[in-house]
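Student: Below is one structure. I have some questions about it.
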Amino acid sequence: MHNFLFHLRKRGLYAKSMCIGLLISLMLSGIYVSGMNQVHPVPDEQVILHTDRDAYVSGEELFFRVSLITQCDQHSSLVYIALRNTRNEIISGVIAPLNHKTSYGSIYLADTLSTGFYQLIAYTGEMRNYPADCFYTQTLFIANRFDTTLENLLELEEDPYDNQDQGGEPGTYATPEPILPDHTIIRISTDKEVYGRREPVQLTVGAEMPDGSTADMSVSVTAKHTIWPFLHEETDGGCDRDADRQWSGDDGVLVYPREKNGPVIAGKLISKSDEKNKLANVRVILSSPDTLTAIMYAHTNEQGHFYFTLDPTYFGRDLYLVPDHGTYAGEAPGIVVADPFAIHSSFEGHTGSISVELPPLVRESQDVVVVQKAFETLHGSFVSEKEHEHRFPPRLYSEPVSVVRPARYMPLDNFREIAREIMPSVRIRQQNEDWHIRLVNDQTAYTFFDSAPGVFLNSMPVGKLDVLMDFTSEHIRSVEVHNLPWRYGSMRFDGILSVFTHDHYDPATFLPEPFYALPPVIMHGKSTYVQPDYRTLGSEADRVPDFRQLLYWNPQQVINEEKELSTLFYTGDLEGTYAIIVRGILDTGAVFQAIHYFEVKL
Amino acid sequence: MLFVYRNITQLFSRLPCTLAVACFLLPGWLYSQDPGRLNDHSSYPVLAGEIVFPEVRYSGSPYLFDRFTGGYVVLLPGEQVAVDYMRYDALNDDLMWMQPGEEGLVRIDKKLIAGFGLQHPWQDSLMWFYRNAVAGVGGLSCGDCFLQVLHEGNFSLYARRRKRITSRSETITVGGQSQQVRILDDDFLYMLVTPDGQTKTMRPTRRSFINAFPGHTRDLRRVMRRYNIQVSQDKELTEAVKWLNAFIEKEPGFFE
């Protein structure tokens, strides 16, 4: 070492090396410190959504395909899709689980939707840290099936003479333009150009692209007038890099994590008297009505924020959050939970004019859907059955020390009597209107625990014991007595008393205050479009009208130079021009769109 | 005094160097600080179990290793939970978890876990134990045992690391009181699972290994001698099973 330093000194390099080293060191420190306070200017994840059409009638289904574009291996496992109206009300919210960065499904457009423009918004949980202009948006038109006036649409009709003045052609609307990245050609072909009623269409989609590239795409075959290209022009160009970020680190704003292992419930505890008081290290318990004693918990961080990565056990169930009163002092905090479908931007609908051609075509679509609704249909969405997954609720214990089933004994009038007569290890006392429960420590078999056990009713913590005390033998299915000193992560129980009832009881009547009731988190099931196959359908199918405007929908198709899509579908009973629209993403992340038309004549 | 003075002067003479080293180390230290580090309460692994205060009832340790080591506990959904301090109670076939600052040990509710990986105290390796790793093993006295996975392949090798209470006893002093207690001894059982699902118990000796293949003992002894396969301890037994898998792949007709 000394020799090395000597040589450096001799060559006059000592000071120079030291300076360079120090510079690099300070740069690295600087990068770290700046990284602490700043966030990436744009999200690492980008979402792209394709739908089967642009214009719908209420009562129909909207089919979608959603793709995640990211270079990260540890990417989000789900995408939020929201449909909102021009009053910025969320009409439908969907959580689509991703499989290989894609998902697909359908949204039923309720009969009650009013005629107008709607916006479909897609984003990941982590993207919620960024302004809403980073979300993927697409404008759609939905006509109410029974709205014969179509006032909302007619008021946007263009004046044909204005258009003529500008050199445009009156009464027409543009057709979608193909979008193709460099060196990429998407070939769409059909075996004929004109088809008859219920005739098979042989569709082939191939590609010419750089070696080794693949295209992941959706294919939609729909009536041409249901594609409104001018709505796609309104899709904004992505993130505004200069906009203020919502995610700013230490300012108390909730930071949404990347949802790698499932949906995350994010929230914060706030002090009601002093909003600046950050409630750190408070335990928040998440529970749901269940027949097993199972809970999840999380601790608030220094900002008072808490996060739960939801176990599949809790999907589709009512959820309740309760701060553990043993982990905070003073007044009970307020609970705020972030709504994953709260979107902080406004949607005003389509503001430009529309072609005079469109309203009659919309009316035609309304009539078609009315007829389809009146008859049995040979098509629709099919929700594939979810793969059977083993669910392991986060149980507090595998087996209780003892289980008491009051139905096996003489009927008893209240819980105190039940405890006294048939649960010898449970002692209940009343002092000054307050109830006190203690369990015998099974390790000693004769001494009571010093403090109260964890008391649960249908797997939810009990804060008001009065409710429990009114239960008779008829109400209670079983009581699990787990009278051991017990640890569940950071929670310590001097025994656990878990009561299960025959009937459901409103948790609001017994949960400790304060609590927060969350709506069920429902994961969207993948649904596919089922079309009639006239090769297999019998002659009875001839009596069922086939007024499909969507002839074919394939949300997940991968092609490359060697592998092409070759499929067959049938035309229906509606004549007109149909568009085959292929939309997708290359593995380079570039998006593409290709269109082909054919005619159906009866 | 002279010594202190000399040290201080030496430090000042090397001050630029010391400062430089400190600056070089600064980024490393900064990066090692996780900004989202967990606070005290949330650092508890979410494991459930009974809080116990073990008593000395035997001579010898009931634990596989007397020292607490780190490792992972595999929950039933397959999720791995990192644990800093745990040890395997080989006498009672229980996994014990200790959380510093908390009274007692936690006997983990074994029905809520699938297994665990225990850091070997003297080797840089994890010993993986799974509940019921081998189904229907004759000769096992417990129906729900943790078995160590030594090797898994066409032929798989598992070990039951138990302690047994011997008939021998000795006098020990606990809390100033002398008492006569039984002596604990290792009781390890090795199980070889063949490709057709049969389980054969054995000891880590060459003879026991060869006898697990009746009808092929002479050929196997000859081949093992040719390849210089020794079996006199459990590490060598594991190596022998690995060798056997490789050998069978090369000569698939050997056991036919």
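Throughout, read-outs are computed from the coordinates displayed, never taken from laboratory work. Just so it is clear, the model here is predicted, and its values are computed rather than measured. Cβ: placed from backbone, ideal geometry, glycine included. Neighbour counts: every protein chain shown.
Student: Listing A:Trp486, B:Trp97 from the residue with the fewest other Cβ atoms within 10 Å to the one with the most, what is the order?
Tutor: Final ranking by Cβ density, sparse to dense: A:Trp486, B:Trp97.
Student: Could you calculate the contour length gain from A:Val544 to A:Asp111, that is, 0.36 nm times the residue separation minus the distance between their Cα atoms, to one decimal place in nm?
Tutor: That works out to 153.6 nm of additional length.
Student: Could you tell me which of rounded, prolate or oblate describes region B:41-202, using a ≥ b ≥ c as the square roots of the eigenvalues of the alpha-carbon gyration tensor, with rounded for a/c under 1.5 and, failing that, prolate when a/b is larger than b/c and oblate otherwise?
Tutor: oblate
Student: Would you mind ranking B:Arg161, A:Arg408 so that the residue whose beta carbon has the fewest other beta carbons within 10 Å leads the list?
Tutor: Ordered from fewest to most neighbouring Cβ atoms within 10 Å, B:Arg161, A:Arg408 come out as A:Arg408, B:Arg161.
Student: For B:Val73, what charge total do you get from the other residues with a beta carbon under 12 Å from its beta carbon, if Lys and Arg give +1 and Asp and Glu give -1?
Tutor: Every neighbour counted, the sum reads -1.
Student: May I ask for the net charge around B:Gln230, where only other residues with Cβ less than 11 Å from the Cβ of B:Gln230 are counted and Lys, Arg are +1 while Asp, Glu are -1?
Tutor: Around B:Gln230, the charge tally is +1.
Student: How big is the gap, in Å, between the Cα center of region A:560-600 and the Cα center of region A:191-210?
Tutor: When both Cα centres are located, 8 Å separates them.
Student: What whole-number distance in Å separates the alpha-carbon centres of region A:86-139 and region A:295-361?
Tutor: What the calculation gives is 15 Å, centre to centre.
Student: For the cross-link pairs B:Lys111/B:Lys163; B:Lys163/B:Lys200; A:Lys101/A:Lys268; A:Lys101/A:Lys373, which exceed 28 Å when the distance is taken from alpha carbon to alpha carbon?
Tutor: A:Lys101/A:Lys268; A:Lys101/A:Lys373
Student: When DSSP assigns beta bridges and you keep just the ones with both residues in chain A, what percent turn out antiparallel, to the nearest 5?
Tutor: Rounded to the nearest five, the antiparallel share is 90 percent.
Student: Within region A:532-602, list the GluC sites (Glu not before Pro) lying in a DSSP loop whose Cβ has at most 13 other Cβ atoms in a 10 Å radius.
Tutor: For GluC sites (Glu not before Pro) across region A:532-602 that sit outside H, G, I, E and B with at most 13 neighbouring Cβ atoms in 10 Å, the list reads A:Glu562.
Student: Rank these for me by crowding, A:His75, A:His504, going from fewest to most other beta carbons within 10 Å.
Tutor: A:His504, A:His75
Student: Moving on to the next point. Looking at the square roots a ≥ b ≥ c of the eigenvalues of the Cα gyration tensor of chain A, which shape do they give, rounded for a/c under 1.5, prolate if a/b is larger than b/c, or oblate?
Tutor: It comes out oblate by the Cα gyration axes.
Student: Roughly how crowded by other chains is peptide B:72-78, in terms of the mean Cβ count from those chains within 10 Å of each of its Cβ atoms?
Tutor: 3
Student: Cross-link partners among aspartates and glutamates for A:Lys272, C-alpha distance below 15 Å, same-chain residues fewer than 8 apart left out?
Tutor: Result set, ordered by chain and number: A:Glu331, A:Glu513.
Student: Right, next: Hey, for a label at A:Arg391 modelled as a point 7 Å past Cα toward Cβ, could you say which residues of region A:510-525 have their backbone N under 12 Å away?
Tutor: Inside the label zone: A:521-523.
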